[in-house]
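J.: One structure coming up, written as structure tokens, with questions to follow.
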């Protein structure tokens with residue numbers, strides 16, 4: 001080994017393998033891009049809420065709703081315009097996913113959502129229920145989602161729920177689709 005080979009080897013060892021400044025630049029650029037994407041998604045969500053400003057405020061749960069006929073604990077996956085499973089409704093918190101406690105009484109459907117807006121659907125406004133596989137942003141196996149159709153402010157909406165015990169879904173569909181169980185004027 002010659003002296004020049006030793007100097008070349010020493011010079012190669014002293015040079016950094018990566019350029020720290022270049023790497024930091026790429027990381028900062030990527031973080032800025034991700035932040036821009038999240039900001040644009042937030043703006044889109046707010047814009048959708050503005051477009052849906054014609055949705056009237058939701059009914060609050062009355063102090064007395066009668067005895068429960070059915071109860072369900074699970075997840076609320078959102079609401080859409082009836083028949084349009086991708087047209088998510090975000091006005092008044094209807095687009096916020098959350099845990100849910102549903103209670104069906106003779107007066108209507110109480111939707112209690114910890115950390116989100118609770119609401120009440122009077123029995124006369126319930127239009128029915130079905131088992132489906134998806135609603136905006138959530139796709140499950142066939143029949144894995146309980147979809148309840150209801151009317152509010154002259155428009156019909158579909159709300160998607162998934163029980164912690166999926167076997168309960170059939171009871172809800174039967175109860176909400178039986179004309180005797182839904183007050184007159186609901187169909």
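The values are calculated or read from the model by the stated rules, or taken from the named source; none is laboratory data. Please read these numbers as outputs of a predicted model, since none were measured by experiment. All Cβ positions, even for glycine, are placed from backbone atoms using ideal geometry, and neighbour counts span all protein chains on display.
J.: Would you mind stating whether residue 149 is under 15 Å from residue 79 (Cβ atoms) and in the same structural domain as residue 96 (by TED's automatic domain parsing)?
T.: Details: under 15 Å from residue 79 (Cβ atoms): yes; in the same structural domain as residue 96 (by TED's automatic domain parsing): yes.
Here the answer is yes, as residue 149 does meet what is asked.
J.: Out of region 132-154, which residues are more than 28 Å from residue 64 (Cβ to Cβ), assigned to a strand (DSSP E or B) and over 14 Å from the mean Cα position of the chain (by Cα)?
T.: 132
J.: Let me ask you something else. Note down all Cβ pairs under 8 Å where the first residue falls in region 30-55 and is within 19 Å of residue 78 (Cα to Cα), the second is modelled with pLDDT of 90 or more and surrounded by 10 or more Cβ atoms within 10 Å (Cβ to Cβ), and they're at least six residues apart or on different chains.
T.: Short answer, once both residue conditions are applied: 55/152; 55/155.
J.: For the subset of region 83-104 comprising residues that are at pLDDT below 90 and within 24 Å of residue 175 (Cα to Cα), which member is farthest from the chain's Cα centre (by Cα)?
T.: 83
J.: Scan 67, 78 and give me the residue that is modelled with pLDDT of 85 or more and either over 22 Å from residue 42 (Cα atoms) or within 16 Å of the chain's Cα centre (by Cα) (or both).
T.: Numbers: 67 fails: modelled with pLDDT of 85 or more.
Of 67, 78, the one residue that is modelled with pLDDT of 85 or more and either over 22 Å from residue 42 (Cα atoms) or within 16 Å of the chain's Cα centre (by Cα) (or both) is 78.
J.: Taking the criterion of being surrounded by fewer than 16 Cβ atoms within 10 Å (Cβ to Cβ) and part of a loop (DSSP other than H, G, I, E, B), would at least one residue in region 167-175 satisfy it?
T.: No.
J.: Related question: Let me confirm something: among 116, 124, 129, which residue is touching a helix residue (DSSP H, G or I) at 6+ places or on another chain (Cβ under 7 Å) and either part of a loop (DSSP other than H, G, I, E, B) or surrounded by fewer than 18 Cβ atoms within 10 Å (Cβ to Cβ) (or both)? Give the steps one after another, and end with the answer.
T.: Details: 124 fails: touching a helix residue (DSSP H, G or I) at 6+ places or on another chain (Cβ under 7 Å); 129 fails: either part of a loop (DSSP other than H, G, I, E, B) or surrounded by fewer than 18 Cβ atoms within 10 Å (Cβ to Cβ) (or both).
Exactly one residue qualifies, and that residue is 116.
J.: Picking from 141, 65, 80, 103, which residue would you name as being outside the structural domain of residue 44 (by TED's automatic domain parsing) and free of Cβ contacts under 8 Å to residues at least 24 places away in the same chain? Talk me through it step by step, then tell me what you get.
T.: Working: 65 fails: free of Cβ contacts under 8 Å to residues at least 24 places away in the same chain; 80 fails: free of Cβ contacts under 8 Å to residues at least 24 places away in the same chain; 103 fails: free of Cβ contacts under 8 Å to residues at least 24 places away in the same chain.
The conditions single out 141.
J.: Follow-up question, since we're still on this one. Only one of these conditions is not met by residue 110: (1) closer than 20 Å to residue 177 by Cα; (2) within 14 Å of the chain's Cα centre (by Cα). Which number is it?
T.: (2)
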